[in-house]
């Protein structure tokens, strides 16, 4: 009997593992494993979702014109150069689907987002991992890894799960060093947590082969809605729209995202609280011998003596109703990624890790 065989690379895909949400037998659990906004979405976004309920029998607009216009207005970008997707993940998938295939290579960095090799294999391309240096993207290592087969380079900036970032000068050096046929994709899922940072938009304006992606899942608190967007030169956006499903975003998701991006007051509150609590939590943990790199995101990556201590701490935190993220799968076995929650959550984390280390809780 003839066997049904999937495309090359599909069976090499390791399924993505989301952050844990529950601990058996433990109540009052705080989830700090998925970098979600502890303050939730904007009240205006919630209102928009409620208002959309009466129109659920209607198909959404296929061109996302109103949301693209709102994004363009807030960020000073041409809406014609914006594409929207089901989370920024879908935009990344569009890029691989449109520009990579069998025989092509897709570069990602050692501690980069785990979806990159999955997306490459979905397109039957070959993922190529490049080492980072001290948990930071190494531009020279990327350029050394480029071959005539390289079609895409994925760079997360700021990084996940590292929380570190590289400068615009380094990003420009990378863009200048890549061959013309190679796309540089700047994944800016955490860009809103950085002071005075455009996520790479200015590089898109200077280079024909740069794409920037952003998401509503993090600072805007719309992870459950799945809305993201990308910004690139018009010819690239035209290509990506040809592989995009016409109704990929629901009417409700579009309404929520537009309301969220226009609520700048709530955005500024979330950014301010995250910055304050991020610094406090990192400083308090450093005092008890649990260091982390300066974070440019809504999480910190704390480091322990070895993998055994990191896992033991994670196990202890679970008994205290605190769920964080192990990152051994990102080649960081001695570290834990901890989302910056609200003040109560941050204080509970510090108290619990202090107790684990043998100090006074």
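The values are calculated or read from the model by the stated rules, or taken from the named source; none is laboratory data. If you're wondering where the values come from, they're calculated on a predicted model, not measured in any experiment. All Cβ positions, glycine included, derive from the backbone under ideal geometry; neighbour counts span all protein chains shown.
The one condition from (1) surrounded by fewer than 19 Cβ atoms within 10 Å (Cβ to Cβ); (2) under 19 Å from residue 261 (Cβ atoms) that residue 68 does not meet is (1). Meeting the requirement of 2 or more residues that are without any contact (Cβ under 8 Å) to a residue 40 or more places away in the chain, the strands (runs of 3 or more DSSP E) wholly within segment 31-131 are 126-130.
Could you check segment 193-221 and list, in sequence order, the residues that are in contact with a strand residue (DSSP E or B) (Cβ under 8 Å, 6 or more places away or on another chain) and under 28 Å from residue 34 (Cα atoms)?
Filtering segment 193-221 for residues in contact with a strand residue (DSSP E or B) (Cβ under 8 Å, 6 or more places away or on another chain) gives 199-201, 203-204, 207, 209-217.
If the condition is that a residue be in contact with a strand residue (DSSP E or B) (Cβ under 8 Å, 6 or more places away or on another chain) and under 28 Å from residue 34 (Cα atoms), then 199, 200, 201, 210, 211, 212, 213, 214, 215, 216, 217 are the ones that fit.
Could you check segment 314-324 and list, in sequence order, the residues that are in a helix (DSSP H, G or I) and touching a residue at least 12 places away in the same chain (Cβ under 8 Å)?
Step one: of segment 314-324, the residues in a helix (DSSP H, G or I) are 314-319.
314, 316, 317, 318, 319, listed by residue number.
Each residue in segment 121-164 was checked for being under 20 Å from the mean Cα position of the chain (by Cα), surrounded by fewer than 17 Cβ atoms within 10 Å (Cβ to Cβ) and within 21 Å of residue 93 (Cα to Cα), and 1 of them qualify.
Here residue 230 fits the description: crowded, with 18+ Cβ neighbours inside 10 Å, closer than 15 Å to residue 90 by Cβ, within 21 Å of the chain's Cα centre (by Cα) and not assigned by TED's automatic domain parsing to the domain that holds residue 348. Might you check whether a residue that is surrounded by 23 or more Cβ atoms within 10 Å (Cβ to Cβ), outside any helix (DSSP H, G or I) and modelled with pLDDT of 95 or more occurs anywhere in segment 191-198? Within segment 191-198, not a single residue is surrounded by 23 or more Cβ atoms within 10 Å (Cβ to Cβ), outside any helix (DSSP H, G or I) and modelled with pLDDT of 95 or more. Before we move on, is residue 118 outside the structural domain of residue 337 (by TED's automatic domain parsing), buried (at least 17 other Cβ atoms within 10 Å of the Cβ) and within 18 Å of the chain's Cα centre (by Cα)? Answer is yes for this residue.
Restricting to segment 209-248, what's the tally of residues that are closer than 23 Å to residue 98 by Cα, part of a loop (DSSP other than H, G, I, E, B) and touching a helix residue (DSSP H, G or I) at 6+ places or on another chain (Cβ under 8 Å)? Walk me through it before giving the result.
We begin by selecting, within segment 209-248, every residue closer than 23 Å to residue 98 by Cα; these are 209-215, 226-248.
When the remaining residues are screened for being part of a loop (DSSP other than H, G, I, E, B), the result is 209, 226-227, 232-233, 242-248.
Still in the list and also touching a helix residue (DSSP H, G or I) at 6+ places or on another chain (Cβ under 8 Å): 209, 226-227, 232-233, 242-244, 248.
Result for segment 209-248: 9.
Scanning segment 325-361 for residues that are closer than 21 Å to residue 161 by Cα, free of Cβ contacts under 8 Å to residues at least 60 places away in the same chain and assigned to a helix (DSSP H, G or I) turns up just one, 328.
Which residues, counting only those in segment 216-227, are surrounded by 20 or more Cβ atoms within 10 Å (Cβ to Cβ) and under 17 Å from residue 248 (Cα atoms)?
Keep residues of segment 216-227 that are surrounded by 20 or more Cβ atoms within 10 Å (Cβ to Cβ), which gives 216-222, 225-227.
Scanning segment 216-227 gives 216, 217, 222, 225, 226, 227.
For every residue, the table says whether it meets (1) closer than 29 Å to residue 196 by Cα; (2) outside any helix (DSSP H, G or I); (3) in contact (Cβ under 8 Å) with a residue 40 or more places away in the chain.
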{"site": "261", "(1), (2), (3)": "yes, no, yes"}
{"site": "268", "(1), (2), (3)": "yes, no, no"}
{"site": "279", "(1), (2), (3)": "yes, no, no"}
{"site": "283", "(1), (2), (3)": "yes, no, no"}
{"site": "294", "(1), (2), (3)": "yes, yes, yes"}
{"site": "300", "(1), (2), (3)": "yes, yes, yes"}
{"site": "308", "(1), (2), (3)": "no, no, no"}
{"site": "312", "(1), (2), (3)": "no, no, yes"}
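Within segment 158-168, at least one residue is modelled with pLDDT under 95, closer than 28 Å to residue 330 by Cβ, assigned by TED's automatic domain parsing to the domain that holds residue 116 and part of a helix (DSSP H, G or I).
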